[in-house]
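The values are calculated or read from the model by the stated rules, or taken from the named source; none is laboratory data. Keep in mind that this is a model prediction, so the values were computed, not measured. Glycine gets a Cβ as well: all are built from the backbone with ideal geometry, and neighbour counts include every protein chain shown. In case anyone asks, the SASA skips ligands and DNA or RNA and just uses the protein heavy atoms, side chains included. Shrake-Rupley method; radii C 1.70, N 1.55, O 1.52, S 1.80 Å.
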Amino acid sequence: MASSIFKYVFMDFFKPMLQLLLFVFPAFYTAVFSLLVFFAFVVFLGRSPQPATFVFDPQVIAIADPRSVPADHANASGLPFPAPPHANTSLGVRRKASPENASDLAPAAANHSAEAKKGRGGSPEKGQKALESSKDLAATCDLFDGRWVFDESTPRYPPGSCPFIDSSFDCFGNGRPDQNYTKLRWKPKGCSIPRLEGKKMLRALRGKRLVFVGDSLNRNMWESLLCILRHPLKRKHRVFEVSGRKEFRTDNSYAFRFEDYNCSIEFFRSPFLVRESSWVDSQGKSRETLRLDLIEASSDAYRTADILVFNSGHWWTHEKTSKGRNFYQEGDHVYPQLSAEDAYRKAMRTWGTWVDTRVNSNRTRVFFRGYSWSHFSGGQWNSGGNCDGETEPITEDKHLAKYLKLTGILESVIGEMTTPVLYLNITRMTDYRKDAHPSVYRVPAGKRKPGEFQDCSHWCLPGVPDAWNELLYAMLLRELS
């Protein structure tokens, strides 16, 4: 009887309970715990996204989010590089820092003014990591302190190969016999800059707008970049001016679309960056004026671009602007007399205020390209000045021009701004290149007339503006670091 009770209690009651405790419950709790851990991990990933990482190799120049963003797409700010700091860290203001090292971002405008007056035409940054293409990391240096060196691999597009070059810049097509002016590349002292490879830059510009705003020297630079970006493409018919135009001098704006990269490279004509206007004098005659207090009229069309490249300089040295008589206007007041330097300062401050208040620096990179030297000998463009026959650059610094007052004014205004402005300080590097202007080759030989004026202000293409774009490219890559 007792054994039957034991058998019933142990075998039929306790044994199943013991098996349940030893085998079933642990497996159940383990499964539940694993599910909880899995859901917690999913929630953690959803609430803590992985940071974007910079991708920089010979094939890809972009920001890639490891979880979701393709390598050729931009980050949340809409740029292929991180948003800039809100303090003014412009190239023209961060003295003692080079466009190749992100370690020194403190403004020091006063130091630059002192150095600029020594005749260097401005002292860009010293101290930034240079981004050479795939392997080579350059030493600390000033990108704009260097020399022109012979380079057989230059230019990035063969002479005569680009249909976007204005006929007055097409020295090769107009019969210039020498081509050494196309074989010089800018090399900073002590470091290298990355070569501008068209496809790499297009990948970085995918889905973006790059806009040049300024005078015909910026059109010179714009056409150069179009040619550099177009040349390596197989489907060149996928690059076109959006309105179908074939000449690029008469209208106030142009836009080229690179269809396969969903990006546009545009130009807006605005030689002063402030508004050209008119007033009626006491005799009822309409006279041209320059409104120093108003930004130019088309500014809303480009203020949301991803990259803006401004310039203004040459037109401030022309006769009407340099004399300054009854030409400059603020509000209803027309100045009977105002110097070009004072007018330029007022205009640049108007531009700077517009940039600070109307351009979103979290979205848009702002560049300002500095003054480009002319090389007229024996007069100015309209008084017999010439540069024909110049085939070699200046090699000795003692022959370079003196510091330009307009450059100091520009750098001072950039230093006052809250928006970071990246300063392409090309003034000194252009002064060496007396050999690279169109001169008489601004027109074909068959159309040339005796005594026709020479062009010693603009540049042949291929030529000097290609180097400006290479520096622009290097400074964009700096923003990736």
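Which of the pairs K236/K449; K200/K246; K405/K449; K398/K447 have their Cα atoms more than 28 Å apart in this structure?
Too far apart for the 28 Å limit: K236/K449; K405/K449; K398/K447.
At a threshold of 8 angstrom on Cα-Cα distance, excluding pairs fewer than six apart, so keeping six or more, what relative contact order does segment 146-479 reach in percent?
Over segment 146-479, the number comes to 22 percent.
If I model a spin label as a point 7 Å beyond the Cα along the Cα-Cβ vector, how far apart are those points for S282 and H237 in nm?
Taking the two extended label points, one gets 6.6 nm.
Rounded to the nearest 0.05, what FRET efficiency do T357 and R448 have when you use their Cβ-Cβ distance and R0 = 60 Å?
0.80
In whole Å, how far is the Cα centre of segment 366-425 from that of segment 235-255?
Segment 366-425 and segment 235-255 have Cα centres spaced 29 Å from each other.
I need the chymotrypsin sites (Phe, Trp or Tyr not before Pro) found in segment 328-390, filtered to DSSP loop residues with at most 16 other beta carbons within 10 Å of theirs. Provide the component values of the computation, followed by the final result.
Working: sites: Y328, Y344, W351, W354, F367, F368, Y371, W373, F376, W381; in loops: Y371, W373, F376, W381.
For chymotrypsin sites (Phe, Trp or Tyr not before Pro) across segment 328-390 that sit outside H, G, I, E and B with at most 16 neighbouring Cβ atoms in 10 Å, the list reads W381.
What is the distance, in nm, between label points placed 7 Å from the Cα along the Cα-to-Cβ direction at R325 and at E341?
Output for this residue pair reads 2.1 nm.
Hey, what's segment 146-479 come to in accessible area per residue, 1.4 Å probe, Å²? Working shown, then result.
Details: 13520 Å² over 334 residues.
With all protein chains present, segment 146-479 gives 40 Å² per residue.
For segment 419-465, with all protein chains present and a 1.4 Å probe, just round the carbon and sulfur fraction of the accessible area to a whole percent.
Within segment 419-465, the accessible surface is 56 percent carbon and sulfur.
Given contacts defined as C-alpha pairs under 8 Å and at least six residues apart, what's the relative contact order of segment 235-299, whole-number percent? Mind dumping the intermediate values first?
Working: 81 pairs, mean separation 14.5, N = 65.
For segment 235-299, the relative contact order is 22 percent.
What order, most packed first, do the peptides 445-451, 176-182, 142-148 have when packing is the mean number of other Cβ atoms within 10 Å of each residue? Intermediate values should be presented prior to the final figure.
Details: 445-451: 8.1, 176-182: 16.1, 142-148: 21.3.
For the peptides 445-451, 176-182, 142-148, the packing ranking is 142-148, 176-182, 445-451.
So for the pair D293, R147, with labels modelled 7 Å out along Cα→Cβ, what separation do we get in nm?
Each label point is offset 7 Å from its Cα along the Cβ direction, giving 5.2 nm.
Where in segment 380-445 are there trypsin sites (Lys or Arg not before Pro) that are in a DSSP coil and have at most 14 other Cβ atoms within 10 angstrom of their Cβ?
Listed in order of number, the matching sites are K402.
Could you order the peptides 193-206, 281-294 from most to least packed, using the average number of other C-beta atoms within 10 Å per residue?
My ranking of the peptides, most packed first, is 193-206, 281-294.
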